[in-house]
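Data first, discussion second: the structure below is written as C-alpha cells.
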C-alpha cells in the first residue's frame, strides 16, 4: 500500500478506536512537523478526539510548550529517549489528553552523526500512566523518513491502545 494511503487508513482506524473509547489524543512532533496530527485531523469527525497538538521543532519550543528540561536537551540532545519521554508528558498535561505521541528524529539529509544517524527517530506513546518508548532507523530521503515515522507512530498507538 502506498504510504500516503496507508497513513490515511491508519489515521481513520485510530480515529474510530478513539471515538469508540471516548479518548482524547495529542501529538508532540519535531521531525514529522505535525504530520501525525495532520493525518488525524484529515479524518472527518476528528474533533471528537483531538483538541490540540504541538509542533516543537526547536529546543526552545520543546522547553516553552512542553516543559522539556534544558539539562535533558543539553545532556542527551533533542533526539533521545529522555527528550521524547518529557515531550509526551508535557503534551499530555498541556492538552489534557488521555494519549500523547511524541516524535523526535533526524530526517536528513544533514544533521546525522555516528551516534544519531539520519533516519534515527525516537517515539514515546503515553496512555494514561503507561509510557512506551522506542526508536527506529528508517531508510530513504527526508520525505520517506518522515512518512515512515508517521506510519510507525499511528501503528504503535493502535497497537498500544489495544493492549
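Each reported figure results from applying straightforward, stated rules to the coordinates on display, with no laboratory input. These numbers come from a predicted model, not from an experiment. With ideal geometry, Cβ positions are generated from the backbone for all residues, glycine too; neighbour counts draw on all protein chains shown.
Taken together, 61, 53, 91 contain a single residue that is closer than 21 Å to residue 135 by Cβ and either in contact (Cβ under 8 Å) with a residue 24 or more places away in the chain or within 16 Å of the chain's Cα centre (by Cα) (or both), which is 91.
Tallying residues that are farther than 24 Å from residue 111 by Cβ and part of a loop (DSSP other than H, G, I, E, B) within region 1-47 yields 9. Has region 71-86 got at least one residue that is more than 26 Å from residue 113 (Cα to Cα) and under 15 Å from the mean Cα position of the chain (by Cα)? No: region 71-86 contains no residue that is more than 26 Å from residue 113 (Cα to Cα) and under 15 Å from the mean Cα position of the chain (by Cα). Scanning region 18-37 for residues that are surrounded by 16 or more Cβ atoms within 10 Å (Cβ to Cβ) and under 17 Å from residue 158 (Cβ atoms) returns 18, 23, 24, 25, 26, 27, 32, 35, 36, 37. Screening 78, 153, 94, 102 for residues that are in contact with a strand residue (DSSP E or B) (Cβ under 9 Å, 6 or more places away or on another chain), surrounded by 16 or more Cβ atoms within 10 Å (Cβ to Cβ) and farther than 30 Å from residue 22 by Cβ leaves exactly one candidate, 78.
On the basis of being surrounded by 17 or more Cβ atoms within 10 Å (Cβ to Cβ), under 29 Å from residue 139 (Cα atoms) and free of Cβ contacts under 8 Å to residues at least 60 places away in the same chain, does residue 110 make the cut? Criteria not met by residue 110. Of all residues in region 17-36, those that are on the phi < 0 side of the Ramachandran plot and free of Cβ contacts under 8 Å to residues at least 60 places away in the same chain have Cβ atoms under 6 Å from Cβ atoms of residues that are surrounded by fewer than 21 Cβ atoms within 10 Å (Cβ to Cβ) and not in a loop (DSSP other than H, G, I, E, B), 6 or more apart or on another chain, in 19/48.
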